[in-house]
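The values are calculated or read from the model by the stated rules, or taken from the named source; none is laboratory data. Model, not experiment: these values are computed from the prediction. Neighbour counts are summed over all protein chains in view; Cβ atoms, including those assigned to glycine, are modelled from backbone coordinates with ideal geometry. For accessibility, only protein heavy atoms count, side chains too; no ligands or nucleic acids. Shrake-Rupley method; radii C 1.70, N 1.55, O 1.52, S 1.80 Å.
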Amino acid sequence: MPRGGGLMAPGLRPLLLLAFWMLASSARSPAEANDGGWPRYGPGAPVAVAEEERCTVERRVDLSYAEFMQHYAFSRPVILQGLTDNSRFRVLCSRERLLASFGDSVVRLSTANTYSYRKVDLPFQEYVEQMLHPQDPLSMGNDTLYFFGDNNFTEWASLFRHYSPPPFGLLGTTPAYSFGIAGAGSGVPFHWHGPGFSEVIYGRKRWFLYPPEKTPEFHPNKTTLAWLRDTYPALAPSARPLECTIQAGAVLP
């Protein structure tokens, strides 16, 4: 699931977050045309990736910069819609177009455990055709590889220049894009984040967000899917994170 990048700066209030991908498997069908050839589910996709309707993050359309700075930028998350038109970028991120443009490019995969020490380099086409499948619920984090963030910006510049970021910037920040594609049920573990934004281009992405003063219960080497299946259902209401699933075109700053 291709997604947008963010802004980073020191000294600002962080969030502890968990990102849960819901998109691709290795099989395709004509019904997936609107998802650019990236199937949401496939044979054997875990039942646990079924999308929840619950959303505890506010959604805003046509939010002004002044409102964003006053009510959200330094205090709470918000889901933004209708800010930019990335239809051209979306076309370029179809499965067919990305394989044609970057199939031979070497991408760096990271493990899905908390510390992400292991990195694996392989051609993008090999990753898409052989490794992009639904998350195995029994796999450990250090055995689960995904493509996100370790981009060669020079090699991928011809794609990134077509992306239109949200028109909200913070003083003292420097923009840096991350770009990733992952299979249904996969996800990154809980991690800290400073100021940034995430936009879904295809598929959808489920977010779990804790304020910095709360420490979530999770195993550093278990996958996001394992946390969702084993830990999340037993959480007391007071221990639950903010959460929401964002669809293509939505932005979470």
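GLU213 meets all of the listed conditions (1) open to solvent by 40 Å² or more (accessible area, probe 1.4 Å); (2) in a loop (DSSP other than H, G, I, E, B); (3) touching a helix residue (DSSP H, G or I) at 6+ places or on another chain (Cβ under 9 Å); (4) of a type outside the set (A, V, I, L, M) but one, namely (3). The residue pairs whose first member lies in the range 107-128 and is farther than 15 Å from VAL188 by Cβ, whose second member is surrounded by 19 or more Cβ atoms within 10 Å (Cβ to Cβ) and among the charged types (D, E, K, R), and whose beta carbons are closer than 8 Å, counting only pairs six or more residues apart or on different chains, are VAL128/ARG95.
Note on the range 231-250: among residues that are touching a strand residue (DSSP E or B) at 6+ places or on another chain (Cβ under 9 Å) and aliphatic (A, V, I, L, M), the one that is most open to solvent (accessible area, probe 1.4 Å) is LEU242. Taking (1) at pLDDT 85 or above; (2) surrounded by 21 or more Cβ atoms within 10 Å (Cβ to Cβ); (3) assigned to a strand (DSSP E or B) in turn, LEU228 satisfies each apart from (3). So, of the residues in the range 61-89 that are charged (D, E, K, R) and surrounded by fewer than 12 Cβ atoms within 10 Å (Cβ to Cβ), which turns out to be modelled with the lowest pLDDT? Taking the candidates together, the pick is ASP62. Among all positions in the range 31-40, there is at least one residue which is open to solvent by 50 Å² or more (accessible area, probe 1.4 Å), assigned to a loop (DSSP other than H, G, I, E, B), modelled with pLDDT under 90 and touching a strand residue (DSSP E or B) at 6+ places or on another chain (Cβ under 8 Å).
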